[in-house]
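The values are calculated or read from the model by the stated rules, or taken from the named source; none is laboratory data. Because the structure is a prediction, the values reported are computed rather than measured. Backbone-built Cβ (ideal geometry, glycine too); neighbour counts: all protein chains shown. For accessibility, only protein heavy atoms count, side chains too; no ligands or nucleic acids. Shrake-Rupley method; radii C 1.70, N 1.55, O 1.52, S 1.80 Å.
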Amino acid sequence: MGPEWAGRRRGRAPRRADVTVRRAEAGDAARLTRLVRTSRAYEGPYAPMVEGYRIGPDYIEAQRVFVAADAVTRQVLGFYALLLDPPELDLMFVADSAQGLGIGRLLAAHLREEARSAGLSGVRIVSHPPAEGFYRSIGAEPVGTVRADPPAVMWDRPELLLPVLVSRRTDE
């Protein structure tokens with residue numbers, strides 16, 4: 001069992017064992033949009049990046065989007081989106097109230113399994129600068145820098161590669 005959830009709500013503190021990762025559904029779009037727009041990681045100079053950002057049902061249906069949710073309350077605690085061609089982590093967010101509970105690591109492990117089952121050898125990550133340490137801690141390796149592209153992105157971002165070991169079949 002994992003640590004108890006620090007952000008107590010409604011008298012219940014889910015444990016990591018109570019968190020499931022499932023494919024996102026079109027009905028999750030508003031919740032995921034709210035999670036992105038209210039993230040403390042995008043306060044201050046980063047706020048314009050998510051201002052007006054929207055995750056629509058069409059995006060959820062077109063991409064591999066997965067949510068980590070409390071198995072009992074169904075509260076969304078985080079999510080990620082994996083693009084396959086070319087392989088890239090498009091989005092990964094963990095709710096502010098669920099930070100430090102291992103939700104990001106749970107999503108990263110799921111991401112690796114999804115990438116592995118899709119036959120990918122690695123996944124590109126263009127990181128939000130404050131998140132670079134997290135991505136390095138899960139094994140992503142720095143490969144460069146993506147330069148600022150004003151007015152959309154006003155700062156340089158670290159580019160990393162998350163290796164995915166593709167299992168080899170030995171039953172031939």
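How long are the three semi-axes of the equivalent ellipsoid of segment 73-149, in whole Å, if each is the root of 5 times an eigenvalue of the C-alpha gyration tensor, listed from largest down?
Sorted largest first and rounded, they come to 21, 17, 11 Å.
Using a simple charge model, +1 on the beta-carbon of Lys and Arg, -1 on the beta-carbon of Asp and Glu, nothing else, what dipole does the chain show about its Cα centre, in debye to the nearest 20?
Rounded to the nearest 20 debye, it is 700 debye.
Sorted by accessible area (1.4 Å probe), largest first, how do Tyr59, Tyr53 line up?
Tyr53, Tyr59
For Arg64, list long-range residues whose amide hydrogen, built 1.01 Å from N in the peptide plane, is under 5 Å from its own amide hydrogen.
Leu82
Using alpha-carbon pairs under 8 Å, 6+ residues apart, how would you state the relative contact order of the chain in percent?
18 percent
Restricting the calculation to Cα positions, tell me the Rg (one decimal) and the Dmax (whole number) of the chain in Å.
16.4, 56
Under a crude label model (7 Å from the Cα following the beta-carbon direction), how far is Thr145 from Glu25 in nanometres?
4.5 nm
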